[in-house]
Amino acid sequence: MGEPPNMISNARRVFGYAHLAAGRAADAVAPARAALAQHTTQEHTTQAAQLLAEALLQAGDLPGAAAAAEDAIALCRRALRGHYEALSHGVLARALLRRDGTAVRNAVEAALACAAELIERTGARTLAPALCEWRAELASGLGDAARWEQLLREAQRLYNQIGAPGHVERVGRLLTAAP
């Protein structure tokens, strides 16, 4: 007898997350797609959809990331998974900004506003530092170096507050590498 579909879907998602954590975004795409195709629970489906969007973004497939983020947002909305919906809005904002630049500033700002509202409404405070990073990316695209630095310092402070030393160090490296 084979493994239950839930366990297989979980394993695929975990492989996807592991590839992302190891910096191998392209390798995360296939497990994320496979987990999403499995259609087990709403929770697993929304996680897999958000993972796929993030993997595509990190792998540089900006059109694919934007489309996957929009799909993930719709799935998360139906399933009432505000945490994953907020993350998906973050992917959408970054994919649009990286693909189309500041020409789509309004759409980027709208996606970030949706993420902020969801973070506030759901109490997903651990996403607040990521939101600062997403906003910093927009500030950078707009050429606002002072705002970029301010937002990254706030992200660093919030990561420290939630006990995420790896993120504190990563953001610190971004700040020291700034032109």
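The values are calculated or read from the model by the stated rules, or taken from the named source; none is laboratory data. Every value quoted in this text rests on a predicted model; they were computed, and no experiment measured them. Every residue, glycine as well, gets a Cβ built from its backbone with ideal geometry; the counts of neighbours run over all protein chains shown.
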Wholly enclosed helices (runs of 4 or more DSSP H) of region 102-179 bearing at least 1 residues closer than 21 Å to Arg77 by Cβ:
105-122, 128-141
Thr46 vs. criteria free of Cβ contacts under 8 Å to residues at least 60 places away in the same chain and not in a helix (DSSP H, G or I):
no
In region 98-108, anything touching a Leu at 6+ places or on another chain (Cβ under 7 Å) and of a type outside the set (Gly, Ala, Ser) is listed as Arg98, Arg99, Thr102, Val104, Val108
From the list Arg157, Arg98, Arg81, which one is closer than 25 Å to Arg13 by Cα and more than 13 Å from the chain's Cα centre (by Cα)?
Arg81
Return yes or no: is Glu43 modelled with pLDDT under 95 and either surrounded by fewer than 23 Cβ atoms within 10 Å (Cβ to Cβ) or under 18 Å from Arg12 (Cα atoms) (or both)?
yes
Surrounded by fewer than 14 Cβ atoms within 10 Å (Cβ to Cβ) and either touching a Lys or Arg at 6+ places or on another chain (Cβ under 6 Å) or closer than 15 Å to Leu75 by Cα (or both) - does that describe any residue in region 46-57?
no
Pairs under 6 Å by beta carbon, first residue within 25 Å of Leu80 (Cα to Cα) in region 19-43, partner charged (D, E, K, R), six or more apart or different chains?
Pro31/Arg12; Ala34/Arg12; Ala35/Arg12; Ala35/Arg13
For region 1-24, which residues satisfy the criterion of being at pLDDT below 90 and either under 17 Å from the mean Cα position of the chain (by Cα) or among the charged types (D, E, K, R) (or both)?
Glu3
Of these, Ala155, Ala178, which one is over 20 Å from Gln50 (Cα atoms), among the small types (Gly, Ala, Ser) and surrounded by 23 or more Cβ atoms within 10 Å (Cβ to Cβ)?
Ala155
May I ask you to verify whether Ala164 is without any contact (Cβ under 8 Å) to a residue 40 or more places away in the chain, touching a helix residue (DSSP H, G or I) at 6+ places or on another chain (Cβ under 8 Å), of a type in the set (A, V, I, L, M, F, W, C) and under 22 Å from Ala59 (Cβ atoms)?
no
I need every pair where a residue in region 91-106 that is free of Cβ contacts under 8 Å to residues at least 60 places away in the same chain has its Cβ under 7 Å from the Cβ of a residue that is of a type in the set (Phe, Trp, Tyr), sequence separation at least 6 or different chains.
Ala93/Trp134; Arg94/Trp134
Any chance region 130-152 includes a residue that's hydroxyl-bearing (Ser, Thr, Tyr) and either surrounded by 18 or more Cβ atoms within 10 Å (Cβ to Cβ) or modelled with pLDDT of 95 or more (or both)?
yes
